[in-house]
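One structure is given below, encoded as structure tokens.
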Amino acid sequence: MKQFKLTGVLMLLCIIFSSCKNARAENATANFSNEPVVETTSNAGNKIQVAILLDTSSSMDGLINQAKSRLWNIVNTLTTLRFNGKEPEIQIALYEYGNDGLSASSGYVRLVAPLTTDLDLISEKLFALTTNGGLEYCGTVIDKATKELKWSTNDKDIHLVYIAGNEPFTQGSISYKEAISDALRKNITVNTIHCGDRDEGVSGMWKDGADKGNSKFFNINHNAQVRYIVTPYDDRIDECNVRLNGTYIGYGRIGESKKQNQAAQDKNAESISSANKAERIVSKTKTAYKNESWDLVDLAEENEKALKNIKQSELPKELQGKSEAEMKSYVAEKKEERVTIQKEIESLAKQRQAYIDNELKKSGENSGDDLGKAINQSVLEIAATKGYKAE
């Protein structure tokens, strides 16, 4: 097993997400979670479905760390995509493979989170991943992602798999060629991300896997460093976030735990850097950050009749015993407050980005990651073939 740091995974997510936008529907939990699976489905509009397959063998600590550090920056990139002028729904799934802590009978593969619009869930599960030894069966994990996930059948939807790792692509009893062929029949594009030396990625058949899937082969520079630029706007954005979280009204048996998880993911983002937390907060102003499965404000926006049908026992304490009119008034007030705060954050975010661009220009640097820019462009190319445009 090769031992090397992998900051490049920011590419992974960048790749992945960079091809998508917006959210609405299935909220689900990982296999190891004790929480119940909560799914909501929406039949309206187009979808961009993305499955991220992460190698969690011992050599992949850098990969996992970079996935954590770039999630929210990438989500913000996704929010630029439109289909016929409308925002498509984003669903993301997460698998891990190549970890000795997983069962041999599963091919050392685990579904961490099914296709979901719950971005906090994806963040939670990313931060829970650990690495440990392992055999990396790429064909097996691709096969499972193709067959287990609920891929849509709309030919205008985008279905993407991104698999990242470093050992030969040929390991395991399931041929990567057969797995990718099956994926193609479901209109799923399998993109490969080799972590390490490019020539080894080619000889290890990572490039052949991408070629077989008519997709993209990426090679991550493990020496690349993510540059975080602290701006004068970060603290003000953070202050807005405290008020923003106060506009969420948890309901049902998962409402309180999900509200707590929202705050926990704020802290996880901050553990990477203050700049990363600012990126997360900005993402919470986007339509893609949708929590109708536990937040009454988002629920009422999704279905205006929902407040009439909700049970008293599912309401938070502040709304129990209230009339329907009183509930609607309270939710509307929180909605108005949220929109105001989000607009304030959006304004600060524009100033923040201008500051970052200026700092990079002064130092003679670009985004700090040429490969990331190349990946973004490749994803936009994929989206463009289906009629998606970036605003």
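The values are calculated or read from the model by the stated rules, or taken from the named source; none is laboratory data. All values derive from a computational prediction rather than experimental measurement. Please note: Cβ atoms are built from the backbone with ideal geometry, for glycine as well, and neighbour counts cover all protein chains shown. Quick note on the areas: whole protein, heavy atoms, side chains included, nothing else; ligands and nucleic acids left out. Shrake-Rupley method; radii C 1.70, N 1.55, O 1.52, S 1.80 Å.
On a per residue basis, the range 85-216 carries 36 Å² of accessible surface, using protein heavy atoms and a 1.4 Å probe.
For the range 146-223, the share of alpha carbon pairs falling in successive 10 Å distance bins from zero is 20, 49, 25, 6 percent. Between Ser103 and Asn132, residue separation times 0.36 nm minus the direct Cα-Cα distance comes to 9.2 nm.
Using a cut-off of 19 Å between Cα atoms, the listed pairs Lys277/Lys335; Lys125/Lys259; Lys156/Lys186 include Lys277/Lys335 as exceeding that distance. Surface listing: Lys284, Lys177 arranged by accessible area from highest to lowest gives Lys177, Lys284, probe 1.4 Å.
Rounded to the nearest 10 square angstrom, Arg82 shows an accessible area of 30 square angstrom against a 1.4 Å probe.
Placing a pseudo-label 7 Å from each Cα along the Cα-to-Cβ vector at Gln351 and Lys86 gives an inter-label distance of 3.6 nm. Between Lys343 and Asp235, how high is the FRET efficiency from 1/(1 + (r/R0)^6) when r is the Cβ-Cβ distance and R₀ = 22 Å? Nearest 0.05. Once rounded, the FRET efficiency stands at 0.75. Computed from the Cβ-Cβ distance with R0 of 35 Å, the FRET efficiency linking Lys147 to Ser313 stands at 0.35. Take Lys311: with every protein chain present and a 1.4 Å probe, its accessible area is about 130 Å². Three principal axis extents of the range 195-344 based on alpha-carbon atoms, in descending order, are 67, 41, 24 Å. Distance between the modelled labels on Lys362 and Asp155, one decimal in nanometres: 5.3 nm (7 Å Cα→Cβ projection).
Modelled spin labels at Arg198 and Arg253, positioned 7 Å past Cα toward Cβ, are 5.4 nm from each other.
Bridging of Lys144 to aspartates and glutamates at a Cα separation below 13 Å is possible for Glu96, Glu178, Asp182, once same-chain residues fewer than 8 apart are set aside. Solvent-accessible area per residue in the range 289-360 equals 57 Å², computed with a 1.4 angstrom probe and all protein chains kept.
In the range 194-292, the portion of solvent-accessible area held by carbon and sulfur atoms comes to 45 percent [1.4 Å probe, whole percent, DNA, RNA and ligands not counted].
For the range 76-139, the alpha-carbon coordinates run over 46, 24, 16 Å along the three principal axes, in decreasing order. Of the trypsin sites (Lys or Arg not before Pro) in the range 131-169, the ones in a loop by DSSP (not H, G, I, E or B) with at most 15 other beta carbons within 10 Å are Lys150, Lys156.
Listed by chain and number, the aspartates and glutamates placed with their C-alpha closer than 12 angstrom to that of Lys216 are Asp208, Glu381; residues fewer than eight positions away on the same chain are left out.
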